[in-house]
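Report on the following structure.
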Amino acid sequence: MKSFSARILKIGINPYVGLPEDVLNALFKQADRTKGPIQVRGTVNGKRFKQTLVKYQGAWRLYINGEMRRAAEIDVGDEAHIKIEYDPVPRIESSPAKFVSALSKNKTAQAAFESLRYLNAMKTESSLERNIEKVIQHLLGEKPKGLHHLLEARD
């Protein structure tokens, strides 16, 4: 686990800390990648957290959410003492039961929702980027080429 200290800054409404280059490089090596969100775990002032490291406006950021700040008793402007490492445990969010039930009653909506999940199976960065664009077009009500087979109702 790598350690560092950083002042909590704010971008928009989101508190975050920047990571030193050596810490970023260690996380990239642990995760075996340098792109896309990277799931991490560690401590802030000795309090455990699980979070996702993201690149935003050209810089990698560790967002320090309200739960993390309350647990560590720190806020924007304070110095945070962080220990961090890559978290290899997949992050799987379950859907609310009412949502699952509503989707099961509408096959077209269910197929559209499930088409979003296939992005996790993309093997290359170019495939991911190309398919994200198609999904965005679909969500905006456009008819992107090559997405139709994913949106067919499944029985």
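The values are calculated or read from the model by the stated rules, or taken from the named source; none is laboratory data. None of the values given here were measured: they were computed from a predicted structure. Every residue, glycine as well, gets a Cβ built from its backbone with ideal geometry; the counts of neighbours run over all protein chains shown. Each accessible area value is taken on the protein alone, full model and side chains, heavy atoms only, with ligands, DNA and RNA left out. Shrake-Rupley method; radii C 1.70, N 1.55, O 1.52, S 1.80 Å.
Collect the residues in region 57-76 that are touching a residue at least 60 places away in the same chain (Cβ under 8 Å) and part of a helix (DSSP H, G or I), keeping them in residue-number order.
Passing the criteria: only Arg69.
Sort through Asp78, Asp87 and tell me the only one that's over 27 Å from Gly36 (Cβ atoms) and either hydrophobic (A, V, I, L, M, F, W, C) or open to solvent by less than 70 Å² (accessible area, probe 1.4 Å) (or both). Outline the logic, then answer.
Values: Asp87 fails: over 27 Å from Gly36 (Cβ atoms).
So the residue among Asp78, Asp87 that is over 27 Å from Gly36 (Cβ atoms) and either hydrophobic (A, V, I, L, M, F, W, C) or open to solvent by less than 70 Å² (accessible area, probe 1.4 Å) (or both) is Asp78.
Among the residues of region 18-33, are any without any contact (Cβ under 8 Å) to a residue 40 or more places away in the chain, within 15 Å of Met1 (Cβ to Cβ), of a type in the set (S, T, N, Q) and surrounded by fewer than 16 Cβ atoms within 10 Å (Cβ to Cβ)?
yes
Restricting attention to region 56-74, report how many residues are open to solvent by 40 Å² or more (accessible area, probe 1.4 Å) and either within 17 Å of Phe4 (Cα to Cα) or hydroxyl-bearing (Ser, Thr, Tyr) (or both).
Of the residues in region 56-74, the ones open to solvent by 40 Å² or more (accessible area, probe 1.4 Å) are 56-58, 63, 65, 67, 69-71, 73.
Restricting the remaining residues to those that are either within 17 Å of Phe4 (Cα to Cα) or hydroxyl-bearing (Ser, Thr, Tyr) (or both) gives 56, 63, 69.
Residues in region 56-74 being open to solvent by 40 Å² or more (accessible area, probe 1.4 Å) and either within 17 Å of Phe4 (Cα to Cα) or hydroxyl-bearing (Ser, Thr, Tyr) (or both): 3 in total.
Test Lys10 against the stated conditions and say whether it is open to solvent by 80 Å² or more (accessible area, probe 1.4 Å), under 23 Å from Glu67 (Cα atoms), basic (Lys, Arg) and touching a helix residue (DSSP H, G or I) at 6+ places or on another chain (Cβ under 7 Å). Working first, answer last.
Working: open to solvent by 80 Å² or more (accessible area, probe 1.4 Å): yes; under 23 Å from Glu67 (Cα atoms): yes; basic (Lys, Arg): yes; touching a helix residue (DSSP H, G or I) at 6+ places or on another chain (Cβ under 7 Å): no.
The answer is no for Lys10.
How many of the residues in region 40-55 are crowded, with 16+ Cβ neighbours inside 10 Å and either among the charged types (D, E, K, R) or in contact (Cβ under 8 Å) with a residue 24 or more places away in the chain (or both)? Walk me through how you get there before you give the answer.
Applying the first criterion (crowded, with 16+ Cβ neighbours inside 10 Å) to region 40-55 yields 40-45, 49, 51, 53.
In the following step, the residues that additionally are either among the charged types (D, E, K, R) or in contact (Cβ under 8 Å) with a residue 24 or more places away in the chain (or both) were identified as 40-45, 53.
So the count comes out to 7.
Which pairs do you get when a residue that is at pLDDT 85 or above, found in region 83-104, comes within reach of a residue that is assigned to a helix (DSSP H, G or I) and open to solvent by 90 Å² or more (accessible area, probe 1.4 Å), reach meaning Cβ atoms under 9 angstrom, with the pair 6+ apart or on two chains?
From region 83-104, the pairs are Tyr86/Lys29.
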